[in-house]
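Notes follow the structure.
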Amino acid sequence: MTTPPAPVWSRTILHVDLDAFFAAVEQRDRPELRGKPVIVGGGGPNDRGVVSTASYEARAFGVRSAMPLREAGRRCPHGIFLPVDGAKYLAASKDVLAVLRRFTPAVEPISIDEAFLDVTGSRILFGSGEDIGRRIKEEVKSSVDLTISVGVATTKLVAKIASDLRKPDGLVVVQPGDEATFLAPLEIRRLWGVGEKSATALREYGVRTIGDLAALPDDLLIRRFGKHGASLAQRARGLDDDPVSDRDAAKSIGHEHTFDVDTSDREQIERTLLAMSEGVAGRLRDSGTKATTITVKIRDTTFRTITRQRTLPDATDMTEPIYRTALDLARPEVRGLQIRLLGVTASGLGEREQLSLFAAEDPRRRKVTEAADAVRHRFGERAITRARLVGARLPAPFERDPMTPVDPRALDAADPQPDPGADRGDDEIDEIEPID
Ligand code: TTP
Ligand code: MG
């Protein structure tokens, strides 16, 4: 669900991020590890894997997430190396979420250890954003025994950057009106929606910092970057009404799949996304709703879990736009990783009044889909399937999901296409892309 929009300047958004999460859970559960350099990941300093995370004591020796364990062993020979215990971290993550939900229903988890909260409506009960941030820190400490860093601002982007500034155990408040000044000195890449391509294009205009971008005239940005140019500039000026979405389970339709064996096989990953997109689209049609937001969830072998979300230009209940979006969001994230779990969720569900939007799609395709739905309902879900899925070793739970006949070539065309806006970096825009 999406929180009802409040005037941008009056919103209070919190971003919370646990400190050295996996290592902190280990130190919590084994007090003898507190104050020690703990390095979580793989099988130890001689393992070929990488560091998931390191306690702040280990970071003092230069150990970082994603560093080869051997390198970590060289930098911190007396480090205590522990394997990843994903189930334990998930449980802690859920406990923290429960604490956050005491303060507002508008909680949007974005990875295993971070979430956005819209506490605008909670201020009357709990005080200012700063007060709420402080209380959350206290309650996470007393209930779950972990420390958390909090950023408070009027926008998600500013709150997220703020929470990172005084880690660990930080609380940083950016007052309403100070957003643009706060963002101005930061490198342009930290702005959501600015990937490498956009950054390169912006550099042609001498834009290096977010402040440089904010100073560019709107008409130039629109000419160069299309319709998203203006919203990019607004974001650079600290104005961003991107809502905190609480992804209420009842208000979204999604599928998840855990692979029997973790995989980095591109074909298998794409096929799974396709099967899940089919399932989601079929269920949307069955429930007579269309969705505007697609979210993919990716968990890797180390239990690192991320979600990526994008709002579609038009509401849909069709496989192709859902799959295309899911693929686009997942591709850069799964590269080189062993994937344990994938999920595709549709949210921002609207009613049938959106039917007028059918005009935006090929009416023949809808007819074919509707005919397929009828067959599916009458003869069962396996009656119809896409060419790409035939004979594929599909993940079991989705074999039962609705399949609809669409020219399989259309699906291959669902690979991100060089659209007219591609060289303008449009594909990167609108993506909720957490900052590295
Ligand atoms: P982060 O929040 O990025 O890192 P952190 O919580 O360990 O440290 P801090 O926030 O204080 O800087 O990631 C959360 C968890 O996700 C982290 O504890 C382990 C896991 N993770 C990986 O497994 N691999 C990675 O490359 C990263 C960045 C995180
Ligand atoms: Mg963290």
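Within the stretch 36-56, the residues that satisfy the criterion of being open to solvent by 60 Å² or more (accessible area, probe 1.4 Å) and within 26 Å of residue 145 (Cβ to Cβ) are 36, 56.
Would you check if residue 278 is of a type in the set (Asp, Glu) and touching an Asp or Glu at 6+ places or on another chain (Cβ under 7 Å)? Yes.
Filtering the stretch 201-216 to residues that are within 27 Å of the chain's Cα centre (by Cα) and open to solvent by less than 40 Å² (accessible area, probe 1.4 Å) leaves 201, 202, 207, 209, 210, 211, 213, 214.
For the stretch 271-294: of the residues being of a type outside the set (Gly, Ala, Ser) and open to solvent by 10 Å² or more (accessible area, probe 1.4 Å), which is modelled with the lowest pLDDT? Result: 286. Of the numbered criteria (1) open to solvent by 10 Å² or more (accessible area, probe 1.4 Å); (2) of a type outside the set (S, T, N, Q); (3) closer than 30 Å to residue 90 by Cβ, the one residue 158 fails is (1).
Among residues belonging to the stretch 94-128 that are of a type in the set (Lys, Arg) and at pLDDT 90 or above, point out the one that is farthest from residue 147 (Cα to Cα).
Ranking the qualifying residues of the stretch 94-128, first place goes to 123.
The set of residues in the stretch 217-235 being in contact with a helix residue (DSSP H, G or I) (Cβ under 7 Å, 6 or more places away or on another chain) and open to solvent by 70 Å² or more (accessible area, probe 1.4 Å) consists of 222 alone. Mind listing whichever residues of the stretch 107-122 are away from ligand 1 (no atom under 16 Å from the Cβ) and assigned to a strand (DSSP E or B)? Answer for the stretch 107-122, where residues must be away from ligand 1 (no atom under 16 Å from the Cβ) and assigned to a strand (DSSP E or B): 107, 117, 118.
Scanning the stretch 94-106 for residues that are part of a helix (DSSP H, G or I), surrounded by 14 or more Cβ atoms within 10 Å (Cβ to Cβ) and of a type outside the set (A, V, I, L, M, F, W, C) returns a single hit, 95. The combined condition, being within 16 Å of ligand 2 (Cβ to nearest atom) and either part of a strand (DSSP E or B) or at pLDDT 90 or above (or both), is not fulfilled by residue 298. Can you find even one residue in the stretch 60-73 that is buried (at least 20 other Cβ atoms within 10 Å of the Cβ) and of a type in the set (Phe, Trp, Tyr)? No, the conditions are met nowhere in the stretch 60-73.
Selection of the stretch 147-192 for residues being part of a loop (DSSP other than H, G, I, E, B), within 16 Å of ligand 1 (Cβ to nearest atom) and of a type in the set (Gly, Ala, Ser) yields only 170.
For the stretch 179-186, the count of residues that are touching a residue at least 60 places away in the same chain (Cβ under 8 Å) and over 25 Å from residue 91 (Cβ atoms) is nonzero. Restricting the stretch 2-29 to residues that are among the β-branched types (Val, Ile, Thr) and at pLDDT 95 or above leaves a set whose member that is farthest from ligand 2 (Cβ to nearest atom) is 12.
The values are calculated or read from the model by the stated rules, or taken from the named source; none is laboratory data. All values derive from a computational prediction rather than experimental measurement. Cβ sites come from the backbone with ideal geometry, for glycine too, and all protein chains shown count toward neighbours. Remember, those area values only see protein heavy atoms, side chains included, never the ligands or the DNA or RNA. Shrake-Rupley method; radii C 1.70, N 1.55, O 1.52, S 1.80 Å.
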